[in-house]
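A.B. asks: What follows is a single structure, and I will ask about it in a moment.
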Amino acid sequence: MEDTKDYIVIVQCHLVVERCSGYHCERAFHERTGGFAGYSKEKAYRSLYLTCGGCCGLPLHRKLSNVVRKAKEKEGIEKDRFVVQLASCITKDNYHGPPCPHLDYLKGLVDKLGLDVCEDTSIGKTAERRRQEGIYAG
Ligand code: SF4
Ligand code: SF4
């Protein structure tokens, strides 16, 4: 599915980015690792980094709606060329805390807009080991 997309909207936890630059997300995308492993290294995707806007994540609906509408108006980009990539701080237990308690709600918002969604961005070795050891829940 990833190779049919041109425009990746990376969504990060609003609370976590108060203390995270998002460097590991950007690096994972640059290197096509973790949640980005399915994207071609040869293709120059458009990408946009957003936060959910804060709990419960409702602002994400408006943000995504805005980008999809603008891209269509200004460049004729159809919504099926978009994919929303939920960052690992939303989808997984990690250094910053447990996964988002509103994960299903966020996915529902994306679905309501008719956009495809994928999970995970950066998958660190230490965090993966801790998940396997049960230190992080999943
Ligand atoms: S996944 Fe990691 S690097 Fe990306 S925004 Fe969340 S905490 Fe920061
Ligand atoms: S809704 Fe989830 S992703 Fe958004 S700020 Fe709250 S915990 Fe973070």
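The values are calculated or read from the model by the stated rules, or taken from the named source; none is laboratory data. Every value quoted in this text rests on a predicted model; they were computed, and no experiment measured them. No Cβ is skipped: glycine too gets one built from the backbone with ideal geometry, and neighbour counts run over all protein chains shown. When the accessible area is computed, the model is the full protein with side chains, heavy atoms only, and any ligands, DNA or RNA have been set aside. Shrake-Rupley method; radii C 1.70, N 1.55, O 1.52, S 1.80 Å.
A.B. asks: May I ask you to list the residues in the stretch 34-50 that are out of contact with any helix residue (DSSP H, G or I) (no Cβ under 8 Å at 6 or more places or on another chain) and over 15 Å from Phe82 (Cβ atoms)?
C.D. replies: Ala37, Lys41, Glu42, Ala44
A.B. asks: Does the stretch 39-55 include one or more residues that are among the aromatic types (Phe, Trp, Tyr) and either more than 14 Å from ligand 1 (Cβ to nearest atom) or surrounded by fewer than 14 Cβ atoms within 10 Å (Cβ to Cβ) (or both)?
C.D. replies: Yes: one or more hits.
A.B. asks: Okay, moving on. When you look at Val83, is it within 16 Å of ligand 2 (Cβ to nearest atom), at pLDDT 95 or above and open to solvent by less than 80 Å² (accessible area, probe 1.4 Å), yes or no?
C.D. replies: Spelling it out, it is not the case that Val83 is within 16 Å of ligand 2 (Cβ to nearest atom), at pLDDT 95 or above and open to solvent by less than 80 Å² (accessible area, probe 1.4 Å).
A.B. asks: Could I ask something else about it? Being more than 11 Å from ligand 1 (Cβ to nearest atom), under 26 Å from Gln132 (Cα atoms) and in a helix (DSSP H, G or I) narrows it down to one residue among Lys74, Lys107, Lys63, Lys70; which is it?
C.D. replies: Result: Lys107 is the single residue among Lys74, Lys107, Lys63, Lys70 that is more than 11 Å from ligand 1 (Cβ to nearest atom), under 26 Å from Gln132 (Cα atoms) and in a helix (DSSP H, G or I).
A.B. asks: When the residues of the stretch 38-58 are narrowed to those that are within 16 Å of ligand 2 (Cβ to nearest atom) and assigned to a loop (DSSP other than H, G, I, E, B), which ends up nearest to the chain's Cα centre (by Cα)?
C.D. replies: Cys52
A.B. asks: While we're looking at this one, here's another question. From the set of residues in the stretch 89-138 that are of a type in the set (Gly, Ala, Ser) and touching a residue at least 60 places away in the same chain (Cβ under 8 Å), which is farthest from Asp6 (Cα to Cα)?
C.D. replies: Per the stated criteria, the residue is Gly97.
Okay, residues lined up against (1) within 16 Å of ligand 2 (Cβ to nearest atom); (2) surrounded by 14 or more Cβ atoms within 10 Å (Cβ to Cβ); (3) modelled with pLDDT under 95; (4) of a type in the set (S, T, N, Q):
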{"residue": "Cys13", "(1), (2), (3), (4)": "yes, yes, no, no"}
{"residue": "His30", "(1), (2), (3), (4)": "no, no, no, no"}
{"residue": "Ile77", "(1), (2), (3), (4)": "no, yes, no, no"}
{"residue": "Pro98", "(1), (2), (3), (4)": "yes, no, yes, no"}
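A.B. asks: Follow-up question, since we're still on this one. Only one of these conditions is not met by Ala28: (1) touching a Gly at 6+ places or on another chain (Cβ under 7 Å); (2) away from ligand 1 (no atom under 16 Å from the Cβ). Which number is it?
C.D. replies: Here Ala28 meets the rest and fails (2).
A.B. asks: Could you list, in sequence order, the residues of the stretch 77-104 that are in a helix (DSSP H, G or I), within 13 Å of ligand 1 (Cβ to nearest atom) and of a type in the set (A, V, I, L, M, F, W, C)?
C.D. replies: Once the filter is applied, which keeps residues that are in a helix (DSSP H, G or I), within 13 Å of ligand 1 (Cβ to nearest atom) and of a type in the set (A, V, I, L, M, F, W, C), the stretch 77-104 yields Cys89, Ile90.
A.B. asks: Can you name the residue in the stretch 1-25 that is of a type in the set (A, V, I, L, M, F, W, C) and within 7 Å of ligand 1 (Cβ to nearest atom) and is also nearest to Asp120 (Cα to Cα) among such residues?
C.D. replies: Cys25
A.B. asks: Give me the residue from the stretch 103-135 that is in contact with a helix residue (DSSP H, G or I) (Cβ under 9 Å, 6 or more places away or on another chain) and open to solvent by 40 Å² or more (accessible area, probe 1.4 Å) and, out of that set, nearest to Pro59 (Cα to Cα).
C.D. replies: For the stretch 103-135, the residue satisfying everything is Lys112.
A.B. asks: Another question, if that's okay. Please verify whether Tyr23 is out of contact with any His (no Cβ under 8 Å at 6 or more places or on another chain), within 16 Å of ligand 2 (Cβ to nearest atom) and open to solvent by 50 Å² or more (accessible area, probe 1.4 Å), treating the condition exactly as stated.
C.D. replies: no
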